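Colleague: This is the structure I want to talk about, given as structure tokens.
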Amino acid sequence: MKAQAVIFLGAPGAGKGTQAREMANRLGIPHVSTGDMLREAVRAGSPLPEAVRARMAAGELVTDEVVCALVEERTRRPDCANGFILDGFPRTLAQAEFVDRMLAERGQGSPLVVNLEIDRDLILKRLTGRRTCPVCGRIYNLYFNPPRRDEVCDVDGSFLLQRADDQEAAIRQRLMAYEKETQPLKAYYRERNLLRDVDGNGSRAAISDEILRLLKDP
Ligand code: AP5
Ligand code: MG
């Protein structure tokens, strides 16, 4: 992999988490998902304010300060020294500028940005059908890649969870936040020739192959 930081950009349900997990496994580098870190903090009841949980449940973005602090701390750990994958971060212009400063200060160079594009009419099925294993983090979909046994993880037998924000009202709000705050990042990275578009509508395996190819030869 050439760039040390890889950013996965894309609408809710585009497949960021699915592909970031896969790439992290294949490349042996950490998968840093702000959504997962926030959900974990909320589950643990620590030390984030109640406002964070409420914003997430409503599908609104959490403040830049909160997520930038999480990323700054997580990517400073030694396992990130040879590279890491950012999933769902940055998603505002202020966060993108923060990443640039952080990488420059650490001498880690420019990020490579994988932009997963997905058709609007697929999003609802992807999100309402999503189930996640609370133990191993594996992501399923009742329509597209169901577990072998209803609502149970194939790997460890745990009962799968549905995310609190995968309800229609919160999904609408997340799509609005994406369009208003995150879409502009495409131009921000495209201007610097750091953005690579990937069709997120195909099979998971075909998309993984395409991303691997890009990471090796950006
Ligand atoms: P976050 O957890 O990042 O959610 P999101 O951006 O809405 O994206 P999703 O996780 O819903 O989608 P995904 O692209 O990861 O898709 P997945 O791979 O799961 O953020 C949640 C909340 O946290 C935000 O609303 C906000 O409140 C807060 N937050 C997080 N980061 C923040 C930040 N930086 N700033 C401020 N606030 C922040 O796939 C979806 C489904 O599709 C799954 O069921 C999967 O199995 C299926 N699927 C995937 N790929 C395929 C395929 N190729 N074919 C068929 N099915 C597929
Ligand atoms: Mg995700």
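Okay, residues lined up against (1) acidic (Asp, Glu); (2) on the phi < 0 side of the Ramachandran plot; (3) modelled with pLDDT of 95 or more; (4) out of contact with any Lys or Arg (no Cβ under 8 Å at 6 or more places or on another chain):
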site	(1), (2), (3), (4)
Val32	no, yes, yes, no
Gly35	no, yes, yes, yes
Arg43	no, yes, no, yes
Ser46	no, yes, no, yes
Ala58	no, yes, yes, yes
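Colleague: Here's something else I'd like to know. Please verify whether Ala164 is free of Cβ contacts under 8 Å to residues at least 12 places away in the same chain, small (Gly, Ala, Ser) and at negative phi, treating the condition exactly as stated. Steps first, please.
Modeller: Numbers: free of Cβ contacts under 8 Å to residues at least 12 places away in the same chain: no; small (Gly, Ala, Ser): yes; at negative phi: yes.
It is false that Ala164 is free of Cβ contacts under 8 Å to residues at least 12 places away in the same chain, small (Gly, Ala, Ser) and at negative phi.
Colleague: Give the residue that is nearest to the chain's Cα centre (by Cα), with candidates limited to residues of the range 1-40 that are within 11 Å of ligand 2 (Cβ to nearest atom) and polar (S, T, N, Q).
Modeller: If we take residues in the range 1-40 being within 11 Å of ligand 2 (Cβ to nearest atom) and polar (S, T, N, Q), then Ser33 is nearest to the chain's Cα centre (by Cα).
Colleague: In addition: Within the range 185-218, how many residues are charged (D, E, K, R), more than 14 Å from ligand 1 (Cβ to nearest atom) and not in a loop (DSSP other than H, G, I, E, B)?
Modeller: Going residue by residue through the range 185-218, those that are charged (D, E, K, R) are 186, 190-192, 196-197, 199, 204, 209-210, 213, 216-217.
When the remaining residues are screened for being more than 14 Å from ligand 1 (Cβ to nearest atom), the result is 186, 190-192, 196-197, 213, 216-217.
Imposing the further condition that a residue be not in a loop (DSSP other than H, G, I, E, B) reduces the set to 186, 190, 196-197, 213, 216.
Number satisfying all stated conditions: 6.
Colleague: Something else about it: Can you find, within the range 60-79, the residue that is surrounded by the most Cβ atoms within 10 Å (Cβ to Cβ) among those that are part of a loop (DSSP other than H, G, I, E, B) and more than 16 Å from the chain's Cα centre (by Cα)? Full working, then the answer.
Modeller: Residues of the range 60-79 that are part of a loop (DSSP other than H, G, I, E, B), as a first pass: 60-63, 76-77.
Still in the list and also more than 16 Å from the chain's Cα centre (by Cα): 63, 76-77.
On the way: Thr63: 14, Arg76: 11, Arg77: 11.
Selected residue: Thr63.
Colleague: Counting only residues that are surrounded by fewer than 14 Cβ atoms within 10 Å (Cβ to Cβ), touching a residue at least 12 places away in the same chain (Cβ under 8 Å) and more than 20 Å from Pro12 (Cα to Cα), how many does the range 186-216 have?
Modeller: Of the residues in that region, 2 qualify.
Colleague: Looking only at the range 17-35, how many residues end up being out of contact with any helix residue (DSSP H, G or I) (no Cβ under 9 Å at 6 or more places or on another chain) and either part of a helix (DSSP H, G or I) or in contact (Cβ under 8 Å) with a residue 12 or more places away in the chain (or both)? Let's see the steps before the verdict.
Modeller: Of all residues in the range 17-35, those out of contact with any helix residue (DSSP H, G or I) (no Cβ under 9 Å at 6 or more places or on another chain) come to 20-21, 24-25, 28.
Remaining after also requiring either part of a helix (DSSP H, G or I) or in contact (Cβ under 8 Å) with a residue 12 or more places away in the chain (or both): 20-21, 24-25.
The qualifying residues number 4.
Colleague: Output the residues belonging to the range 136-184 that are in a loop (DSSP other than H, G, I, E, B), among the aliphatic types (A, V, I, L, M) and in contact with a Gly (Cβ under 6 Å, 6 or more places away or on another chain).
Modeller: Looking only at the range 136-184, we keep the residues that are in a loop (DSSP other than H, G, I, E, B), and these are 136-138, 142-144, 146-148, 150-151, 153-158, 160, 162-167, 183.
Still in the running and among the aliphatic types (A, V, I, L, M): 142, 155, 160, 164.
If the condition is that a residue be in a loop (DSSP other than H, G, I, E, B), among the aliphatic types (A, V, I, L, M) and in contact with a Gly (Cβ under 6 Å, 6 or more places away or on another chain), then Leu142 is the only one that fits.
Colleague: Still on this structure, please answer the following. Is it the case that the range 36-59 has a residue that's assigned to a loop (DSSP other than H, G, I, E, B) and either within 8 Å of ligand 1 (Cβ to nearest atom) or crowded, with 19+ Cβ neighbours inside 10 Å (or both)? Break it down into steps so the answer makes sense when it comes.
Modeller: Let us first name the residues in the range 36-59 that are assigned to a loop (DSSP other than H, G, I, E, B), namely 45-49, 59.
If we keep only those that are either within 8 Å of ligand 1 (Cβ to nearest atom) or crowded, with 19+ Cβ neighbours inside 10 Å (or both) as well, we get 59.
Among the residues of the range 36-59, at least one is assigned to a loop (DSSP other than H, G, I, E, B) and either within 8 Å of ligand 1 (Cβ to nearest atom) or crowded, with 19+ Cβ neighbours inside 10 Å (or both), which makes the answer yes.
Colleague: Has the range 128-135 got at least one residue that is in a helix (DSSP H, G or I) and either of a type in the set (Ser, Thr, Tyr) or in contact (Cβ under 8 Å) with a residue 24 or more places away in the chain (or both)? Before the answer, list the steps.
Modeller: First pass over the range 128-135, keeping only residues in a helix (DSSP H, G or I): 128.
Still in the list and also either of a type in the set (Ser, Thr, Tyr) or in contact (Cβ under 8 Å) with a residue 24 or more places away in the chain (or both): 128.
Yes: the range 128-135 contains one or more residues that are in a helix (DSSP H, G or I) and either of a type in the set (Ser, Thr, Tyr) or in contact (Cβ under 8 Å) with a residue 24 or more places away in the chain (or both).
Colleague: Failed condition for Ile171, given (1) under 17 Å from Gly88 (Cβ atoms); (2) open to solvent by 70 Å² or more (accessible area, probe 1.4 Å); (3) of a type outside the set (Asp, Glu); (4) within 16 Å of ligand 2 (Cβ to nearest atom), with all others met?
Modeller: Every condition holds for Ile171 apart from (2).
Colleague: Right, something else. Could you tell me whether the range 144-154 includes any residue that is without any contact (Cβ under 8 Å) to a residue 60 or more places away in the chain and among the β-branched types (Val, Ile, Thr)? Let's see the steps before the verdict.
Modeller: Kept after step one, since they are without any contact (Cβ under 8 Å) to a residue 60 or more places away in the chain, are these residues of the range 144-154: 144-154.
Adding the requirement that they be among the β-branched types (Val, Ile, Thr) leaves 152.
Yes; the residues of the range 144-154 include at least one that is without any contact (Cβ under 8 Å) to a residue 60 or more places away in the chain and among the β-branched types (Val, Ile, Thr).
Colleague: Ser110 fails exactly one of the following numbered conditions: (1) assigned to a helix (DSSP H, G or I); (2) more than 16 Å from Asp166 (Cβ to Cβ). What is the number of that condition?
Modeller: Of (1) assigned to a helix (DSSP H, G or I); (2) more than 16 Å from Asp166 (Cβ to Cβ), only one is false for Ser110: (1).
The values are calculated or read from the model by the stated rules, or taken from the named source; none is laboratory data. Nothing here was measured: the structure is a model prediction, and the numbers come from that model. All Cβ positions, even for glycine, are placed from backbone atoms using ideal geometry, and neighbour counts span all protein chains on display. Calculation scope for accessible area: heavy atoms of the full protein, side chains included, ligands and nucleic acids excluded. Shrake-Rupley method; radii C 1.70, N 1.55, O 1.52, S 1.80 Å.
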